[in-house]
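A.B. asks: Next up is a structure, given as structure tokens.
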There are 2 protein chains.
Amino acid sequence: MVNEKIIIIGGGPTGLEAARGIADIGYKAILIEKRERLGGMPDEANYAALTPDMRNAEEAIDEMRAAVIDNPGVELMLNTTITGAEGELGNFKVKGVQNGKTVEIEAGAVILATGFQHFDPGRETQKYGYYEHDDVITIVDAEKMFKAGNFVRPSNGEKPKSVAFIQCVGSRDRQIGNEYCSKVCCGISSKQAIEVKHHCPDAKVFIFYIDMRMYGYWENEIYWPAQEKYKVNYIKGMATEIIKKGDTLIVKGEDTTMRRPMEVPMDLVILAVGMEPSIGTKEMADIFGVTKNKFGFIETIGGALNTVSTNVEGVFAAGACTGPADLEDSISAAGSAVMKSIGAVRKINIHA
Amino acid sequence: MVNEKIIIIGGGPTGLEAARGIADIGYKAILIEKRERLGGMPDEANYAALTPDMRNAEEAIDEMRAAVIDNPGVELMLNTTITGAEGELGNFKVKGVQNGKTVEIEAGAVILATGFQHFDPGRETQKYGYYEHDDVITIVDAEKMFKAGNFVRPSNGEKPKSVAFIQCVGSRDRQIGNEYCSKVCCGISSKQAIEVKHHCPDAKVFIFYIDMRMYGYWENEIYWPAQEKYKVNYIKGMATEIIKKGDTLIVKGEDTTMRRPMEVPMDLVILAVGMEPSIGTKEMADIFGVTKNKFGFIETIGGALNTVSTNVEGVFAAGACTGPADLEDSISAAGSAVMKSIGAVRKINIHA
């Protein structure tokens with residue numbers, strides 16, 4: 001009889017969904033999280049509202065948390081860092097440190113749900129002056145302000161009269177090695193543009209973009225209302241530099257549609273930073289011997305027809321640790337990883 | 001003891017993935033398909049290669065088929081049309097007709113995987129002359145030619161020297177009620193543009209688009225190679241009319257970037273038709289009392305955090321029957337539906 005427990009590494013939306021799902025099917029999940037709290041990035045980065053449905057993020061994550069806490073099918077290990085792993089499908093031995101103490105965890109399969117990190121716009125795109133200008137912030141900073149219910153210019157605490165979003169910061173960019181599109185930033189920016197109008201109804205809001213990637217229902221659910229109801233101005237253009245002039249920021253670049261240079265004054269500039277693999281994703285990939293792609297995300301095998309299997313039998317990966325993913329992608333992939341991991345340990349037992 | 005079998009309606013990629021997954025977990029799937037063959041749209045419409053990985057579609061579908069045929073956990077019902085349903089979670093009674101004979105099927109839960117249909121470009125967008133001009137085809141027609149290994153102008157059987165793709169045919173279009181983006185057409189067109197260059201290396205290939213929605217890895221996996229390796233010309237512009245002049249088609253419209261009218265001669269025009277709910281999707285939604293959205297797709301409840309539950313407890317929906325979906329979406333959602341449907345029937349039994 002092989003071990004039929006399934007380890008899930010990462011307590012964000014993907015891991016929470018997987019843990020609950022495993023318990024619902026009558027198997028045992030061991031949910032391992034390095035922080036002292038569950039909730040992953042939406043919790044850690046203080047997201048205000050989910051994209052696209054604008055549901056209160058804290059409420060949503062609380063509900064997911066509640067479904068695993070005190071769930072007899074879920075063993076919860078917080079404050080736990082994984083330091084090593086050995087074994088194979090049906091018989092993994094994972095070593096870690098929990099609250100300073102060494103622990104060893106045994107399981108039949110592993111689901112990596114280690115997520116992503118936000119691109120640091122100060123790292124290589126100093127042209128935007130993120131670390132120089134108080135009023136140049138990111139969509140992550142903006143979420144925090146929305147959640148606090150106080151959306152203002154950091155420089156003076158006043159409501160901005162003009163706000164510009166700049167898309168593709170850290171994405172679609174060969175210079176920094178991130179050729180991929182981060183998938184969610186167009187949607188999040190448009191959602192935030194609507195929230196800006198809720199907080200500052202008189203503000204003029206602009207989104208400078210290359211392509212608006214409002215795929216599927218995001219088109220009609222966010223993009224159209226943003227334009228028509230909230231009068232957000234979408235400008236196909238590249239911002240190349242942000243400078244400060246007195247109390248105002250000047251966004252310089254090129255308006256691609258008008259085919260002319262642009263130089264527009266703004267009170268606040270919000271950089272739509274993309275997704276990169278988290279440190280935890282890279283570390284876990286290495287510990288479990290799982291192949292990473294050239295960007296450092298975990299590589300799944302099987303192309304479009306298998307979204308969660310890795311090169312290591314019995315080790316699955318779901319959500320943003322495999323690449324840019326919206327919440328729906330992550331939640332669906334969690335289900336697929338649950339189905340495949342249970343199927344995998346069960347098959348070993350049948351053949352044993 | 002409630003019934004723990006799970007009915008899956010629709011034998012395309014989503015249904016095949018779900019059926020195999022249910023069997024792998026040790027539950028019993030009843031896979032119902034109205035056609036005499038499994039495989040769904042990729043089979044029915046003769047897809048040549050999957051997007052984005054260009055895997056041979058027939059091989060891929062054969063592999064998925066093989067995993068359910070002769071699988072002791074999967075009961076297969078081909079040539080079966082469902083005519084009615086009653087009951088509830090744990091106890092559904094579904095009526096149908098199989099090869100002319102009435103059948104009744106009992107199960108604890110139902111997964112709808114009834115997919116989509118391609119937009120008919122002759123229906124309301126006659127401006128493109130799909131039914132008038134032999135050399136105006138769709139991406140679906142193009143797939144058939146790629147699969148047959150014979151990519152030519154239908155009018156004369158010769159290789160085209162110039163090919164234009166027109167994006168958003170039947171999508172992002174309020175006039176016809178399809179405000180949503182169909183999500184996959186930008187990727188499929190770019191994949192096909194590469195295939196055109198394989199068949200006709202000397203052809204000039206153009207893609208007329210509004211936004212190129214090459215989200216996530218599609219950006220680096222298809223979009224960049226299409227431009228750089230295969231020299232596909234992407235033109236931000238709206239095609240408004242296609243007329244015939246002698247042996248040639250004239251695409252009329254506006255080049256948005258150049259801000260001028262365009263009138264370009266083409267040997268072949270390929271319309272990137274979008275996704276609409278299939279007739280089966282609408283019929284099954286009505287039979288099972290499941291809410292449709294305004295476009296006729298099945299509405300899932302729970303926003304971004306639940307991609308498969310419907311308003312009817314015990315009835316789940318996965319893949320393109322819920323809206324525009326790429327293959328990865330469909331495969332992941334199948335996993336989520338398997339996890340949730342097994343969890344649902346199991347919960348009833350525990351509480352019974």
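The values are calculated or read from the model by the stated rules, or taken from the named source; none is laboratory data. All values derive from a computational prediction rather than experimental measurement. Neighbour counts are summed over all protein chains in view; Cβ atoms, including those assigned to glycine, are modelled from backbone coordinates with ideal geometry.
Yes/no per residue for (1) surrounded by fewer than 21 Cβ atoms within 10 Å (Cβ to Cβ); (2) part of a helix (DSSP H, G or I):
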{"residue": "B:E4", "(1), (2)": "yes, no"}
{"residue": "B:I8", "(1), (2)": "no, no"}
{"residue": "B:R20", "(1), (2)": "no, yes"}
{"residue": "B:G26", "(1), (2)": "yes, no"}
{"residue": "B:R37", "(1), (2)": "yes, no"}
{"residue": "B:D53", "(1), (2)": "yes, no"}
{"residue": "B:E59", "(1), (2)": "yes, yes"}
{"residue": "B:P72", "(1), (2)": "yes, no"}
{"residue": "B:I82", "(1), (2)": "no, no"}
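A.B. asks: Now for a different question. If we keep just the residues of region A:191-220 that are of a type in the set (D, E, K, R) and touching an Asp or Glu at 6+ places or on another chain (Cβ under 8 Å), which is surrounded by the fewest Cβ atoms within 10 Å (Cβ to Cβ)? Walk me through how you get there before you give the answer.
C.D. replies: The initial filter retains those residues of region A:191-220 that are of a type in the set (D, E, K, R), namely A:191, A:195, A:197, A:202, A:204, A:211, A:213, A:219.
Imposing the further condition that a residue be touching an Asp or Glu at 6+ places or on another chain (Cβ under 8 Å) reduces the set to A:211, A:213, A:219.
Details: A:D211: 23, A:R213: 31, A:E219: 25.
My answer is A:D211.
A.B. asks: Now a separate question. Could you count how many residues in region B:170-213 are aromatic (F, W, Y) and out of contact with any helix residue (DSSP H, G or I) (no Cβ under 9 Å at 6 or more places or on another chain)? Spell out the reasoning first.
C.D. replies: Filtering region B:170-213 down to residues aromatic (F, W, Y) leaves B:180, B:206, B:208-209.
From what is left, the residues that are out of contact with any helix residue (DSSP H, G or I) (no Cβ under 9 Å at 6 or more places or on another chain) are B:208.
Total meeting the criteria: 1.
A.B. asks: Quick one: in region B:114-147, which of the residues that are of a type in the set (S, T, Y) and not in a loop (DSSP other than H, G, I, E, B) is farthest from B:K244 (Cα to Cα)?
C.D. replies: Looking at residues that are of a type in the set (S, T, Y) and not in a loop (DSSP other than H, G, I, E, B), I get B:T138.
A.B. asks: Follow-up question, since we're still on this one. Within region A:249-264, can you find the residues that are more than 14 Å from every other protein chain (Cβ to nearest Cβ) and either surrounded by fewer than 14 Cβ atoms within 10 Å (Cβ to Cβ) or small (G, A, S) (or both)?
C.D. replies: First, the residues of region A:249-264 that are more than 14 Å from every other protein chain (Cβ to nearest Cβ): A:249-253, A:261-264.
Scanning region A:249-264 gives A:G253, A:P261, A:E263.
A.B. asks: Restricting to region B:53-82, name every residue that is more than 14 Å from chain A (Cβ to nearest Cβ), under 24 Å from the mean Cα position of the chain (by Cα) and not hydrophobic (A, V, I, L, M, F, W, C). Don't jump to the end; show me each part of the working.
C.D. replies: Applying the first criterion (more than 14 Å from chain A (Cβ to nearest Cβ)) to region B:53-82 yields B:69-70, B:75-82.
Retained after the next criterion (residues that are under 24 Å from the mean Cα position of the chain (by Cα)): B:69, B:76-82.
Across region B:53-82, the qualifying residues are B:N79, B:T80, B:T81.
A.B. asks: Test B:I250 against the stated conditions and say whether it is among the aliphatic types (A, V, I, L, M), more than 30 Å from B:F92 (Cα to Cα) and without any contact (Cβ under 8 Å) to a residue 24 or more places away in the chain. Full working, then the answer.
C.D. replies: Working: among the aliphatic types (A, V, I, L, M): yes; more than 30 Å from B:F92 (Cα to Cα): yes; without any contact (Cβ under 8 Å) to a residue 24 or more places away in the chain: yes.
When the stated conditions are applied, B:I250 passes them.
A.B. asks: In region A:222-329, which strands (runs of 3 or more DSSP E) lie fully inside it and hold 3 or more residues that are modelled with pLDDT under 95 and not acidic (D, E)? Before the answer, list the steps.
C.D. replies: Working: elements: A:233-245, A:248-255, A:260-266, A:268-273, A:275-277, A:315-317.
Fully inside region A:222-329 and qualifying: A:233-245, A:260-266.
A.B. asks: Moving on to the next point. Restricting attention to region A:266-284, and to residues there that are of a type in the set (G, A, S) and within 18 Å of A:S330 (Cα to Cα), which single residue is farthest from the other protein chains (Cβ to nearest Cβ)?
C.D. replies: Going residue by residue through region A:266-284, those that are of a type in the set (G, A, S) are A:272, A:274, A:278, A:280.
Cutting the leftovers down to within 18 Å of A:S330 (Cα to Cα) gives us A:274, A:278, A:280.
Details: A:G274: 11, A:S278: 17, A:G280: 20 Å.
Top of the filtered list is A:G280.
A.B. asks: From the list A:V163, A:V152, pick out the single residue that is surrounded by fewer than 20 Cβ atoms within 10 Å (Cβ to Cβ), among the hydrophobic types (A, V, I, L, M, F, W, C) and over 29 Å from A:S330 (Cα atoms). Quick ask: steps written out before the conclusion?
C.D. replies: Working: A:V163 fails: surrounded by fewer than 20 Cβ atoms within 10 Å (Cβ to Cβ).
None of the others qualify; the one that does is A:V152.
A.B. asks: Does at least one position in region A:137-145 carry a residue that is within 14 Å of another protein chain (Cβ to nearest Cβ), touching a residue at least 12 places away in the same chain (Cβ under 8 Å) and of a type outside the set (D, E, K, R)?
C.D. replies: Of region A:137-145, the ones within 14 Å of another protein chain (Cβ to nearest Cβ) are none.
No, region A:137-145 has no match at all.
A.B. asks: Right, something else. Filter region B:295-305 down to the residues that are touching a residue at least 12 places away in the same chain (Cβ under 8 Å) and out of contact with any Pro (no Cβ under 8 Å at 6 or more places or on another chain), then identify the one that is surrounded by the fewest Cβ atoms within 10 Å (Cβ to Cβ).
C.D. replies: The extreme case among them is B:E299.
A.B. asks: A further question on this structure: Suppose we filter region A:201-225 for residues that are within 14 Å of chain B (Cβ to nearest Cβ), touching a strand residue (DSSP E or B) at 6+ places or on another chain (Cβ under 8 Å) and hydrophobic (A, V, I, L, M, F, W, C); how many remain?
C.D. replies: Final tally of qualifying residues: 4.
A.B. asks: Quick check, is B:N156 in a loop (DSSP other than H, G, I, E, B) and either away from chain A (no Cβ under 14 Å) or free of Cβ contacts under 8 Å to residues at least 12 places away in the same chain (or both)?
C.D. replies: Yes.
A.B. asks: Scan (1) out of contact with any strand residue (DSSP E or B) (no Cβ under 6 Å at 6 or more places or on another chain); (2) within 19 Å of B:K34 (Cα to Cα); (3) of a type outside the set (F, W, Y) for the single condition B:T81 breaks and write down its number.
C.D. replies: B:T81 satisfies all of (1) out of contact with any strand residue (DSSP E or B) (no Cβ under 6 Å at 6 or more places or on another chain); (2) within 19 Å of B:K34 (Cα to Cα); (3) of a type outside the set (F, W, Y) except (1).
A.B. asks: Moving to a separate point now. Just one of (1) buried (at least 22 other Cβ atoms within 10 Å of the Cβ); (2) touching a strand residue (DSSP E or B) at 6+ places or on another chain (Cβ under 6 Å); (3) more than 14 Å from chain B (Cβ to nearest Cβ) trips up A:G129, so point out which.
C.D. replies: Going through (1) buried (at least 22 other Cβ atoms within 10 Å of the Cβ); (2) touching a strand residue (DSSP E or B) at 6+ places or on another chain (Cβ under 6 Å); (3) more than 14 Å from chain B (Cβ to nearest Cβ) one by one, A:G129 breaks only (1).
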